[in-house]
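The values are calculated or read from the model by the stated rules, or taken from the named source; none is laboratory data. Because the structure is predicted, anything quoted here is derived from the model rather than measured. In this analysis, Cβ positions are derived from the backbone assuming ideal geometry, glycine residues included, and neighbour counts consider all displayed protein chains.
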Amino acid sequence: MTIRPSDTALLDWNGDTLAVGLFENSVELTGDLATINEKCAGIIQEIIAEEEFTGKVYSTVVIRLGAGHSVKKLVLIGLGKSEGLKLDTLRRAAATVARTAKKQKTKTLAISLPVYNNDLAATAQAIAEGTELALYQDTRFKSEPEDKSPQIETIDLLGLAGQEAAITRASQIVSGVILARQLVAAPANAVTPITMAETAQAIATEHDLELQILEKEDCEKLGMGAYLGVAQASELPPKFIHLTYKPATTPRRKLAIVGKGLTFDSGGLNIKGAGSGIETMKIDMGGAAATLGAAKAIGQLKPDVEVHFISAVTENMISGRAMHPGDILTASNGKTIEVNNTDAEGRLTLADALVYAEKLEVDAMVDLATLTGACVVALGDDIAGLFTSNDDVASQLQSASEVAGEKIWRMPMEDKYFEGMKSSIADMKNTGPRYGGSITAALFLKQFVKDTPWAHLDIAGPVWADKESGCNGAGATGYGVRTLVNWVLG
């Protein structure tokens, strides 16, 4: 599929399907669209009335123009109220158009949407992202594809001539999102600590990043007792991944991104029971997937920022070597942890990863983790929880997520809640009381960050979608990649 910027007018474009955006309650046809309507004997306005199309956001109507016209079908896409237009409105509208056009067996498509805030580049990038993400299909594990309909071959972005660089940038970011989707969607017998390390190696080789893989022995020397405590039951070796992107010039800042990398989470000896969703626990490396996806994108975008991509990857399994409830682990900063629940393992791996990241003397760091069901209860499955005591980092991430169209909500860091995590025989327990579980998890992680500005993103909800929505199909969403890239570029 090729996405092309174009200066062709609506009246002059020839192809299968033309898509035009209209604002809510402003569906009076003007300009070229009105001329097309006249040439079609008023059928466009007639069907708008017949279908009661009002321009409600992401609503569509498909109009067959018939023989003798340069365009076979017209798709009208609602954009909602004009004052509410956002970049993500254009991204999602483009995704809706792409899906609709594909169902119409379209091979050539043109999209005409309004320019956001007079920014041609941002508009072209958002539309290109939406179409590419919506049309992506993961058929790796099917013997033959279910969808045998023709694929869209070309997409022309009308009114956006000269925006080739923006479309290339969109494709580079989308490649990172798709990598994250593929990693999260793949089963635990396909994505393991070993294959995650291989993926990191492929990114490093293809995009000229530095790579260091710490093996179990290396982690032992660094005193990573929390991470290794989780890893010790698995038959597969842990792999601590550290990818580094360095610009050709002096970096204007240094950042670290840390992703939780549990390629499968059985719950350990506190095993997840029936109805717990244990079969979905391949997604517990969604943070690491976003981290590697961001690395792939950043390696192509090549900003003037040094970025460290880190994940302590392992499985949480059951065997005679498994850590027991009640065990005490010592993290690499010397803090001791009483394990009162082996199913709260992600924070143990992140503890050592955060200590490691801080030693790199970065200006700021962010971790992403499918950490708590409590965050899903609080914010649902479309919004990630943002936890930080640093207002600057919070503001940066909120701005980055707004441009990305990935929703986050800042949550409180209520320090007194940590009282419930204190242990009588160690420095802390790895879980606290039932209530406020996403907050106490964030407070646990805070114990392993000393001075560096830091934020934690709990992405347990938006990492997976049960049904098609926005730019995402059902399944892995690749959540976090676009926000992370925007944060680095900001």
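List of remarks:
- In segment 38-78, the residues that are part of a helix (DSSP H, G or I) and touching a strand residue (DSSP E or B) at 6+ places or on another chain (Cβ under 8 Å): ILE43, ILE44, ILE47, ILE48
- Residue selected from segment 239-259 under the condition part of a loop (DSSP other than H, G, I, E, B) and touching an Asp or Glu at 6+ places or on another chain (Cβ under 7 Å), by the criterion nearest to GLU361 (Cα to Cα): ARG253
- Among the residues making up segment 192-238, those that are within 27 Å of PRO325 (Cα to Cα), part of a loop (DSSP other than H, G, I, E, B) and hydrophobic (A, V, I, L, M, F, W, C) are LEU222, MET224, ALA233, LEU236.
Yes/no per residue for (1) out of contact with any strand residue (DSSP E or B) (no Cβ under 7 Å at 6 or more places or on another chain); (2) of a type in the set (Phe, Trp, Tyr); (3) over 18 Å from ASP7 (Cβ atoms):
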| position | (1), (2), (3) |
| --- | --- |
| LEU85 | yes, no, yes |
| ASP88 | yes, no, yes |
| ALA93 | no, no, yes |
| VAL97 | no, no, yes |
| THR106 | no, no, yes |
| LEU120 | yes, no, no |
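- Condition met for ASP363 (charged (D, E, K, R), at pLDDT 95 or above, touching a Leu at 6+ places or on another chain (Cβ under 8 Å) and at negative phi): yes
- Inside segment 335-358, residues that are surrounded by fewer than 20 Cβ atoms within 10 Å (Cβ to Cβ) and either without any contact (Cβ under 8 Å) to a residue 60 or more places away in the chain or more than 15 Å from ASN430 (Cα to Cα) (or both) make up a count of 1.
- Given (1) farther than 21 Å from LEU87 by Cβ; (2) out of contact with any helix residue (DSSP H, G or I) (no Cβ under 6 Å at 6 or more places or on another chain), number of the condition THR372 does not satisfy: (2)
- Of residues in segment 111-130 being under 19 Å from the mean Cα position of the chain (by Cα) and small (Gly, Ala, Ser), the one surrounded by the fewest Cβ atoms within 10 Å (Cβ to Cβ): ALA122
- Hey, GLU361 in contact (Cβ under 8 Å) with a residue 12 or more places away in the chain, charged (D, E, K, R), outside any helix (DSSP H, G or I) and surrounded by fewer than 18 Cβ atoms within 10 Å (Cβ to Cβ) or not: yes
The rows are residues; the columns are (1) assigned by TED's automatic domain parsing to the domain that holds LEU22; (2) buried (at least 24 other Cβ atoms within 10 Å of the Cβ); (3) over 25 Å from the mean Cα position of the chain (by Cα); (4) at pLDDT below 95.
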residue: THR100; (1), (2), (3), (4): yes, no, no, no
residue: LEU109; (1), (2), (3), (4): yes, yes, yes, no
residue: GLU132; (1), (2), (3), (4): yes, yes, no, no
residue: ARG140; (1), (2), (3), (4): yes, no, no, yes
residue: SER149; (1), (2), (3), (4): yes, no, yes, yes
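- Residue match in segment 166-173 (condition: in a strand (DSSP E or B), β-branched (Val, Ile, Thr) and modelled with pLDDT of 95 or more): no
- Filtered residues of segment 195-234 (kept if under 22 Å from SER175 (Cα atoms) and surrounded by fewer than 16 Cβ atoms within 10 Å (Cβ to Cβ)): GLU198, GLN201, ALA202, THR205, GLU206, ASP208, GLU210
- Criterion: within 26 Å of GLU164 (Cα to Cα), at pLDDT below 95 and within 36 Å of the chain's Cα centre (by Cα) - qualifying residue of VAL71, VAL75: VAL71
- Of all the residues in segment 380-411, those that are basic (Lys, Arg) and out of contact with any Leu (no Cβ under 7 Å at 6 or more places or on another chain) number 1.
- Test: residue in segment 270-280 that is assigned to a helix (DSSP H, G or I), surrounded by 14 or more Cβ atoms within 10 Å (Cβ to Cβ) and not aromatic (Phe, Trp, Tyr): yes
The rows are residues; the columns are (1) of a type in the set (Val, Ile, Thr); (2) in the same structural domain as SER266 (by TED's automatic domain parsing); (3) part of a loop (DSSP other than H, G, I, E, B).
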site	(1), (2), (3)
PRO303	no, yes, yes
PHE309	no, yes, no
THR314	yes, yes, no
GLY320	no, yes, yes
GLY334	no, yes, yes
ARG347	no, yes, no
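- Selection from segment 380-419 of residues that are touching a strand residue (DSSP E or B) at 6+ places or on another chain (Cβ under 9 Å), closer than 16 Å to PHE444 by Cα and not in a loop (DSSP other than H, G, I, E, B): GLY385, LEU386, PHE387, PHE418
- From the options SER332, SER311, residue that is under 29 Å from ALA474 (Cβ atoms) and small (Gly, Ala, Ser): SER311
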